[in-house]
Amino acid sequence: MRVLLVEDDALLGDGVQAGLQQAGYTVDWVRDGVAAELALKDVDFDIAVLDLGLPRQDGLTVLRKLRATGKDTPVLILTARDTVADRVAGLDAGADDYLIKPFDLDELGARLRALTRRHAGRSAPTIRYEDLELDPAGRTLTQSGEAVTLTARELAIIEALMNNVGRALSKERLEEALYGWDEGVESNAIEVHIHHLRKKLGRDRIRTVRGIGYLLPKHRESV
Ligand code: CA
């Protein structure tokens with residue numbers, strides 16, 4: 001899961017970034033409204049955490065521009081206390097949720113999970129696919145009830161695939177979900193992770209769609 005964090009307060013941004021990384025997210029952090037607009041245009045983030053009071057361009061404008069492009073990236077806005085008008089304006093401009101500063105990092109994590117869940121059309125807290133069950137909060141995967149040991153990146157890949165069953169995800173899309181701007185990506189990194197996932201979860205579970213990417217098929221043919 002790749003999150004865009006838009007926050008101009010260095011101390012708060014630092015804490016939120018660290019907290020979200022700990023929760024298993026890949027976090028890209030920008031500090032003003034113009035950088036946020038460009039980032040949202042360039043990358044398909046799974047979710048955005050958007051402060052409203054920002055230099056160069058305020059958060060509401062960023063949000064309105066994002067929605068005007070038709071993108072439905074889930075957005076959680078951060079607002080100051082006692083600004084009901086801001087929260088109303090934010091929700092009306094297309095925000096999906098809000099948190100009032102100061103907030104608890106655990107609550108932020110839980111709200112982001114709820115938002116991504118809703119965005120994917122699920123109401124249950126865990127993601128199921130056949131005999132697999134993934135718990136985004138606990139960062140665990142079980143196969144027929146048995147825990148499977150995965151690296152953080154393997155878990156992120158299977159999570160992206162389980163959130164998009166029947167849809168092929170390109171290597172670039174998976175790289176976006178896995179790596180922030182600061183991290184270099186080795187050209188065959190995704191192939192290597194997929195190889196390991198197949199070893200752990202069964203060879204033919206993840207399909208390769210030639211020239212397109214990888215997918216979990218909607219209905220598995222019996223083999
Ligand atoms: Ca601010």
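Only the coordinates and a few stated rules stand behind these numbers; no lab work does. Just so it is clear, the structure is predicted and the values come from calculations on it, not from any experiment. Heads up, the Cβs are rebuilt from the backbone with ideal geometry, glycines too, and the neighbour counts pull from every protein chain shown.
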Two-decimal log10 I(q)/I(0) for the range 72-169, as the Debye equation yields it once each C-alpha is a single scatterer, q = 0.12, 0.21 Å⁻¹
-0.49, -1.07
Nearest 10 degrees, 0 to 90: helix 10-22 Cα axis against the chain principal axis
20 degrees
To the nearest 10 degrees, how steeply does helix 189-201 sit against the main Cα axis of the chain, on a 0 to 90 scale?
60 degrees
Karplus ³J(HN,Hα) for the range 202-219 (6.51 cos²θ - 1.76 cosθ + 1.60, θ = phi - 60°; Hz, whole; x = Gly/Pro) runs x, 4, 9, 6, 8, 7, 9, 9, 4, x, 10, x, 10, 8, 9, x, 4, 10
If you look for lysine pairs in the chain that are eight or more places apart or on different chains, how many of them have Cα atoms under 25 Å apart?
10
How compact is the range 2-120 by the rule of thumb for globular proteins, expressed as Cα Rg over 2.2 N^0.38 Å?
0.94
Measuring from its Cα centre, the chain shows a charge dipole (+1 at each Lys and Arg Cβ, -1 at each Asp and Glu Cβ) which, in debye to the nearest 20, is 1000 debye
For the chain, give me the percentage of DSSP beta bridges that are antiparallel, rounded to the nearest 5 percent.
45 percent
The chain, relative contact order [Cα under 8 Å, separation at least 6], %:
16 percent
Thinking of the chain as a set of Cα atoms, what percent of all their pairs are more than 32 Å apart?
21 percent
Can you figure out the FRET efficiency of ASP106 with ALA152, using R₀ = 22 Å and their beta-carbon distance, to the nearest 0.05?
0.70
Give me the mean projected area, in nm² to one decimal, of the convex hull enclosing the Cα positions of the range 127-215.
5.8 nm²
Taking +1 at the Cβ of each Lys and Arg and -1 at the Cβ of each Asp and Glu, which of THR61, PRO217, VAL192 sits farthest along the dipole of the chain towards its positive end, judged by Cα position relative to the Cα centre?
PRO217
